[in-house]
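Below you'll find the structure, written out as structure tokens, and then a few comments.
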Amino acid sequence: MKRFFVMLVLLAVILTSFAFAAKTKITYWQYFYETKKNTIDQLIKEFERQYPDIEVEHVTFPYANYNQKVASSIPAGVGPDVINLYYGWIPKYVTSGYLIPLPEDVFSKEYLQSQFFSFVSKGVEFNGKYYALPIAVRSLALFWNKKLFEKAGLDPEKPPTTLQELVEYAKKLTIYDKKGNIVQEGLTMQPSGQGHHWIREVLVREFGGVPYTSDARTVLYDKTGAGSDVLKFYTDLITVDRVGYPGFMNDDVTAFKAQKAAMTIDGSFRIGTLNKIKGLDWGVAELPSYLGVKSNFASFWANGITTNATKDPKKLEAAIKFIKFLSSPESMKLWLKNVGELPANPELAKQYFDDPVYGAFLRGLEYAHATFFVDESAQRQVMMDAVDKVVLKGIAPEIAWKEAAEEEQKVLDNFWSSVH
Amino acid sequence: MRLRQKKIITAYTFLAIPLLFFIVVRFYPMVYSFWLSFTDWDLISPKKNFIGLLNYINIFKDEVFVKAIINTLKYVAFGVPAVIIVSLYLALVLNRIKKFQGFYRLLYVMPYITPLVAVSWVWKWMYQQPPIGFINNLLTILGLDSQPFLMSTSQALPSIVVTTVWVNLGYCVIIFLAGLQTIPQEYIEAAKIDGANRRQILWRITIPLLNPIIVFLAVTQSITFLRIFTQVYNMTDQGSGGPLNSTKPLVLYIYQKAFMSFDMGTAATATVILFGIIMIITLVQMIILNKNIEY
Amino acid sequence: MVKRDRLTTISAYVFLTIFAVLMVFPFIWMFSSSFKDSGEIYEFNLFPKYPTLYNYQYIFNYSLFPRWFLNSLLIAVVTTVSVLFFDSLIGYTLAKFDFPGRKLIFILILSTLMIPTEMLVIPWYIMVRNLHWMGTYWSIMFPGMISAFGIFLMKQFMSTIPNDLIDAARIDGVSEFGIFFKIVLPLVKPALATLAIFNFIGNWNAFLWPLIVTSSPKMYTLPVGVAYFSSENSMSWELIMTGAAVSTIPLIIFFLIFQKQIVKGITMSGLKG
């Protein structure tokens, strides 16, 4: 009995103990995305070669509960020293006391303006200080399946360029069974994926509206431009034209990968995934315009330093070096090659303007907008619910759109009231 | 006398660690949850402000909470009668056969011991839309219309109930079967001699004698359905309890409030309410069962 | 009369068999899907035309499933051993020792059965955070180290052991622990087996608490791993089904070995009221 008890205690001790390392060890966190994870591993190797006295531990989490893990770890002092976060979370992270400003001696205003797109320095600024730097940025484009175009009698090299064409093509590309069930989508309709960005920053603007005021405190999409016509356009594709619906084959990516969807709107980060699918012949084009207006949605993930790193000056120094290393043009090049995300450095980006794949995204970047999210998942939910209300409940788009604006305004108010 | 004292000391030595465990890991957290429900704590801020009953007032103004309560009651109202009626029927039929009884019982109880997460994903896979969902494909072959199942606000909750009934069925069958086998054969023989037909035997003898078991199962199954979470988290899009909150049960609401919005005060309030509901049901069981003993 | 009986017997078998197919089919579909490749996964043939082990190879080589498997095993084994030891010890003490407060302690322990886990997870989580247990196996296991239901079960069984047997050993000078280990425990082996099996299954399948408390994927248990693996945004149903199969297979084996005890255990839990 005694022996057993001792063993139990020993086991517990072993399980909770840490291994101490002689090098300066910093911990880096990002959410799990296969190509991103592998590329960061590769970059860490190179970084550790350049700085042999620093060791980087790389930890990934599923996207769905990334924020929960951050919130539970940093206040407990066990979390990361350098963290990869969505630029839209910066205000929340700063007000929660997770992030420290980037030191101005290393990351000066001049450095940011010369090395990054202007929407980047705007996106990482909060109360006059910079908090994070990206490796890459991303935008949206229209992916199409050339084989399915051919089968439908369309020119596989000519994707739609306007919304009218998009609808027309999507109808031709949709296939139904005898019962009228969709067995092949003309266009994926997945607000929970990139669809909500397409509605918010692209369709709203192409229909002449503006989604939010420039200080991101007030919702405007119900009051400007064509208002609820945006939602009507989107949901008509589902209920009237019946070219697709949310949840077909579970999600848009699965459907496009399985060649059961002819067109999808997705981000540059999907390129790596799609390249791996055998027998999938796809093209990528700029997002369709409407009445001559073009818009796109840009976003990025950035690396910031957490309050954890300030406990040890050596760690802080290592963290600064690591962030600078990650944002160097060399890292950006590797990132583009492996992950398919676009260089955040405009000079570097220009070199890829004529690229058959990246070109569409890079040209899109020129007229792209980055949404200032205060709570990305809540704001996404608002758009998902608006679409569901029309599609599943038969509520009029005007009402659903108005309710969405009210809901989202609540989310914004809630956030800004907590920021002092 | 010395022996008695020694025994008392031994008893408390044996009980020391377990008692500490129950105080620290069960009672203290329960009290702590009550306390949290009177605060506005958000996990991040260092201080917890006492706000009295405000959470209890506000939570009922939260549409999503009210929806979650209604959904939870729906899970119970659909699930419990379904699982009890079907399992009772199966047990009655099983009780009639002599060979392979154990074999059938074995097959029926398999879902019960399978990880619920795996079960959820298998059913989610079968519930998919055409052209990939198995059940919809079957419907199409039979010449019927395909159904939206998890994609619809009206069908998603019943679909999850079906999966849960499938899981819990075997457990109930085993218990009913054990109960049936304790019914003295003489009662039934005597009734037969008196000219009672099958139906009369069932309603006048078998079911009244099974009453305590039915109450027991009704209560344990009610609690199981009240605490439904894993299925909903895994079967709905992004674990959201959608579409449009139509499947969100109380526990998922608690999980989201506590670990996604970090609204610990509201989450604790919801757990206290859940606790209250379970208490009431358990007490009702005790009262009914105590009555039954005199039966 | 005899003829009618035979007819009802046949129809009973037919009915039970149809139901058995309904109950087993999801398992069959899961395994069938796990042997299909990504090209065949969307077809409805029950038997894969080109059965492949690729999905299993992928899961074992390119995912954390092996690690999750070991995590689950470790957690289930350690908690089960702990529960067996403590529950039988407490059950024994409560059944066979007369001491002030015995009834109160028993009622207090039983009353914890009414507290739903959901009410405890928030305080547990805060406890784990404050005590810096985040990321340890201990944080996943600690709430389940002793089970109130097991205590109840063991107490019922211990009560049936004759007191003379214990007193005789005491007179022979056997130590109190000696009595417990050498005399009492061997007599309640069947109950121990039942408790062990149920506790093992319960911990193997637990989801809510591991979901909340595990922070890095390396620490996930199998159910959390399956949920995480499956919800990653680029879906491959054949891999999801393989993951589900991998988490189910050990339990099916376990079940086939211990089916008698499992059925008995369920019966016991049901007839306690």
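Figures for the structure shown
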item: Only listed residue being under 21 Å from the mean Cα position of the chain (by Cα), in the same structural domain as A:TYR131 (by TED's automatic domain parsing), among the small types (Gly, Ala, Ser) and assigned to a loop (DSSP other than H, G, I, E, B), chosen from A:GLY340, A:GLY304; result: A:GLY340
item: Of all residues making up region B:239-287, the number that are in a loop (DSSP other than H, G, I, E, B) and polar (S, T, N, Q); result: 5
item: Tabulated pairs, region B:272-286, first more than 8 Å from chain C (Cβ to nearest Cβ), second assigned to a helix (DSSP H, G or I) and surrounded by 13 or more Cβ atoms within 10 Å (Cβ to Cβ), C-beta under 7 angstrom, 6+ apart or interchain; result: B:ILE277/B:LEU226; B:ILE281/B:VAL219; B:ILE281/B:SER222; B:ILE281/B:ILE223
item: When residues of region B:101-117 are limited to those that are of a type in the set (Phe, Trp, Tyr) and more than 7 Å from chain C (Cβ to nearest Cβ), the one farthest from B:PHE225 (Cα to Cα); result: B:PHE103
item: Checking C:THR79 against (1) in contact (Cβ under 8 Å) with a residue 60 or more places away in the chain; (2) in a helix (DSSP H, G or I); (3) within 12 Å of chain B (Cβ to nearest Cβ), the condition it does not meet; result: (3)
item: Close pairs (9 angstrom Cβ cut-off, 6 or more residues apart or separate chains): in contact (Cβ under 8 Å) with a residue 12 or more places away in the chain in region B:111-132, among the charged types (D, E, K, R) anywhere; result: B:PRO130/A:ASP177; B:PRO130/A:LYS179
item: Selected residue [in contact with a strand residue (DSSP E or B) (Cβ under 7 Å, 6 or more places away or on another chain) and among the small types (Gly, Ala, Ser)] from A:GLY79, A:GLY88; result: A:GLY79
item: Test: residue in region C:178-190 that is surrounded by 15 or more Cβ atoms within 10 Å (Cβ to Cβ) and facing chain B (nearest Cβ under 9 Å); result: yes
item: Search result, residues across region B:90-100 that are within 7 Å of another protein chain (Cβ to nearest Cβ) and part of a helix (DSSP H, G or I); result: B:LEU90, B:VAL93, B:LEU94, B:ARG96
item: Selected residue (only one of A:PHE18, A:PHE47, A:PHE4, A:PHE32 is more than 30 Å from A:TRP416 (Cβ to Cβ), buried (at least 16 other Cβ atoms within 10 Å of the Cβ) and at pLDDT below 85); result: A:PHE32
item: Those residues of region C:203-219 which are facing chain B (nearest Cβ under 10 Å) and of a type in the set (Gly, Ala, Ser), in sequence order; result: C:ALA206
item: Contacts under 9 angstrom Cβ, first residue in region A:398-418 being under 16 Å from A:THR235 (Cβ atoms), partner of a type in the set (S, T, N, Q), 6 or more apart; result: A:GLU398/A:SER228; A:ILE399/A:SER228; A:ALA400/A:SER228; A:ALA400/A:THR235; A:TRP401/A:SER228; A:LYS402/A:SER228
item: Candidate set: region B:157-167, residues that are hydrophobic (A, V, I, L, M, F, W, C) and out of contact with any Gly (no Cβ under 8 Å at 6 or more places or on another chain); chosen: the one nearest to B:LYS124 (Cα to Cα); result: B:ILE160
item: Residue identified as touching a residue at least 40 places away in the same chain (Cβ under 8 Å), more than 14 Å from chain B (Cβ to nearest Cβ) and not in a strand (DSSP E or B) among A:ALA141, A:ALA170; result: A:ALA170
item: Helices (runs of 4 or more DSSP H) contained in region C:109-171 and holding at least 2 residues at the interface with chain B (Cβ under 10 Å from one of its Cβ atoms) and β-branched (Val, Ile, Thr); result: C:117-130
item: Looking only at region B:23-54, and only at residues there that are of a type in the set (S, T, N, Q) and either buried (at least 19 other Cβ atoms within 10 Å of the Cβ) or in contact with a helix residue (DSSP H, G or I) (Cβ under 7 Å, 6 or more places away or on another chain) (or both), the one that is farthest from C:LEU108 (Cα to Cα); result: B:THR39
item: Some residue of region B:225-233 being assigned to a helix (DSSP H, G or I), within 30 Å of A:LYS393 (Cα to Cα), out of contact with any Leu (no Cβ under 6 Å at 6 or more places or on another chain) and away from every other protein chain (no Cβ under 11 Å); result: yes
item: Given (1) over 30 Å from A:PHE32 (Cα atoms); (2) part of a helix (DSSP H, G or I), index of the condition C:PHE99 fails; result: (2)
item: Residues of region A:249-304 that turn out to be basic (Lys, Arg) and modelled with pLDDT under 90, as a count; result: 3
item: Count of residues meeting criterion [at the interface with chain B (Cβ under 7 Å from one of its Cβ atoms) and of a type in the set (Ser, Thr, Tyr)] in region C:92-108; result: 1
item: Residues that are crowded, with 19+ Cβ neighbours inside 10 Å and in contact with a Gly (Cβ under 6 Å, 6 or more places away or on another chain), drawn from region A:223-238; result: A:GLY225
item: Any hit, region A:269-285, residues being over 21 Å from A:ALA141 (Cβ atoms) and either of a type outside the set (A, V, I, L, M, F, W, C) or not in a helix (DSSP H, G or I) (or both); result: yes
item: Any chance C:SER247 is outside any helix (DSSP H, G or I) and under 18 Å from C:PHE69 (Cα atoms); result: no
item: Subset of region A:239-266 (residues that are of a type in the set (A, V, I, L, M, F, W, C), within 14 Å of chain C (Cβ to nearest Cβ) and not in a helix (DSSP H, G or I)); result: A:PHE248, A:MET249, A:ALA258, A:ALA261
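Let's see how each residue does on (1) touching a helix residue (DSSP H, G or I) at 6+ places or on another chain (Cβ under 9 Å); (2) among the polar types (S, T, N, Q); (3) more than 10 Å from chain B (Cβ to nearest Cβ); (4) not in a loop (DSSP other than H, G, I, E, B):
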{"position": "C:THR8", "(1), (2), (3), (4)": "yes, yes, no, yes"}
{"position": "C:ILE18", "(1), (2), (3), (4)": "no, no, yes, yes"}
{"position": "C:PHE25", "(1), (2), (3), (4)": "yes, no, no, yes"}
{"position": "C:LYS49", "(1), (2), (3), (4)": "no, no, yes, no"}
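The values are calculated or read from the model by the stated rules, or taken from the named source; none is laboratory data. This one's a predicted model, so the numbers in the text were calculated from it and none came from an experiment. Cβ sites come from the backbone with ideal geometry, for glycine too, and all protein chains shown count toward neighbours.
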